[in-house]
Amino acid sequence: MLKKRILSKVKRTINLASHLGINYSCPICGFKSKDLSPIGLDLPVLKEKQVIGAGRRIGGCYKCGSTDRDRLIYVYLRDKVNIFNNKSIKILHFAPERIIMNILMKSGLENYICGDLFTETYQYPDYVRNMNVLNIPFEDNYFDLILCNHLLEHVPADIDAMKEIYRVLKPNGEAMLQVPISKKFDKTIEDFSVTDPKERETLFGQFDHVRIYGQDYVDRLNSVGLKVERVNISKEYPKYGLNPEEDLFIGRK
Ligand SMILES: [Zn+2]
């Protein structure tokens, strides 16, 4: 057992060493590498619709496993929200990205709440609360910051979810609302009559997605009152291995 553990550790060290370099520097774990690992699903629909934030791409950190999106979220929170110097802000993190959640959990934030709609097949840490985005159990104008990434594409009533997010967001608060979005199509593609997981994967790029957003995604957010800023910070951080095409969608109240 011990021998096996040592052996796998040695293997990992050798493997990591083979990726050492100066092209990338992971903001999460500090690993400096010459390349990044392939991540994401290789599905024709994601390529055909030019879906940003999904699909097969080169974007994983060999050391910590962070994706390009994880690093984008992390850097925005660190440098633009200044989250680590602002410990008292009230944060709701929906469907939390593990790697981001682990960092925020350990960072001494005083009001950091994680929520996810529990499914039977998945194990959640005990600090994650079972929560439905269509019925957020908090009063109006409660949160300074809401993180809700890659969730809305799972929810048929996405406008109702956006309304709930707007409701619990404080005036001047901000919500980060990343979704897989087609670069090519203006109009969102959705069809709720499709319920077969395989068919959903073929049409929407994942077995439990109900749509692929088009550029009209912003109109949907606007329709519930959110003022949307589309931010691209990738140029500021050329070494972080961010996706140059991935904008942040920041909704404000
Ligand atoms: Zn890393």
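Throughout, read-outs are computed from the coordinates displayed, never taken from laboratory work. Computed from a prediction, not measured in an experiment: that's the story for all the values here. Quick reminder, even Gly has a Cβ in these numbers, built from the backbone with ideal geometry, and neighbours come from all protein chains shown.
Under 1.5 on a/c is rounded, so check that first for the stretch 136-188, then, if it is not, pick prolate when a/b is larger than b/c and oblate when it is not; a ≥ b ≥ c are the square roots of the alpha carbon gyration tensor eigenvalues.
Prolate, since a/c reaches 1.5 and a/b exceeds b/c.
Amide H of Ile52: which non-local residues (sequence gap of 5 or more, or other chain) have their own amide H closer than 5 Å, using H built in the peptide plane?
Correct list: Ile181, Ser182, Lys183.
Starting from the Cα-Cα distance between Lys47 and Arg98, subtract it from 0.36 nm times their residue separation and give me the gain in nm to one decimal.
Net length gain for the segment: 15.7 nm.
Please report, largest first and rounded to whole Å, the three semi-axes of the ellipsoid equivalent to the stretch 212-253, where each semi-axis is the square root of five times an eigenvalue of the C-alpha gyration tensor.
Rounded to whole Å, the semi-axes are 24, 12, 5.
Could you list, in their original order, any pairs among Lys80/Lys106; Lys47/Lys227; Lys32/Lys87; Lys9/Lys34; Lys163/Lys198; Lys9/Lys47 whose Cα atoms are separated by more than 25 Å?
Where the Cα-Cα span goes over 25 Å, the pairs concerned are Lys47/Lys227; Lys32/Lys87; Lys163/Lys198; Lys9/Lys47.
Under 12 Å from the Cβ of Lys183, count the other residues' Cβ atoms, weight Lys and Arg +1, Asp and Glu -1, and hand me the total.
Its environment carries a net charge of -2.
Could you compute the net charge surrounding Phe207? Neighbours are other residues with a C-beta less than 13 Å from the C-beta of Phe207; K and R count +1, D and E count -1.
Within the 13 Å Cβ shell, the charges total -3.
Which FRET efficiency value, to the nearest 0.05, do you get for Phe84 and Arg129 by plugging their Cβ-Cβ distance into 1/(1 + (r/R0)^6) with R0 = 25 Å?
The pair Phe84/Arg129 has a calculated efficiency of 0.60.
What Kirkwood hydrodynamic radius, in Å, does the stretch 132-226 give when the mean of 1/r is taken over all pairs of distinct Cα atoms and then inverted?
When all Cα pairs of the stretch 132-226 are included, the Kirkwood radius is 13.9 Å.
Take the Cα atoms of the chain, find their three principal axes, and give me the spread along each one in whole Å, biggest first.
Principal extents (largest minus smallest coordinate, Cα): 54, 44, 40 Å.
Could you sort the peptides 44-51, 177-184 by per-residue average Cβ neighbour count (10 Å cutoff), highest mean leading?
With the highest mean Cβ count within 10 Å placed first, the list reads 177-184, 44-51.
Between the stretch 177-247 and the stretch 65-104, how many Å separate their Cα centres?
20 Å
Please state the shape class of the stretch 64-142: rounded when a/c is under 1.5, otherwise prolate if a/b exceeds b/c and oblate if not, all from the C-alpha gyration tensor.
Oblate is the answer for the stretch 64-142, as a/c is 1.5 or above yet b/c matches or exceeds a/b.
Run the numbers for Lys3 and Ala17: contour at 0.36 nm per residue of separation, minus the present Cα-Cα distance, in nm.
Taking Lys3 through Ala17 to full extension adds about 2.9 nm, to one decimal.
If we sort 84-90, 52-58, 228-234 on the protection proxy, mean other Cβ atoms within 10 Å, highest first, what's the order?
52-58, 228-234, 84-90
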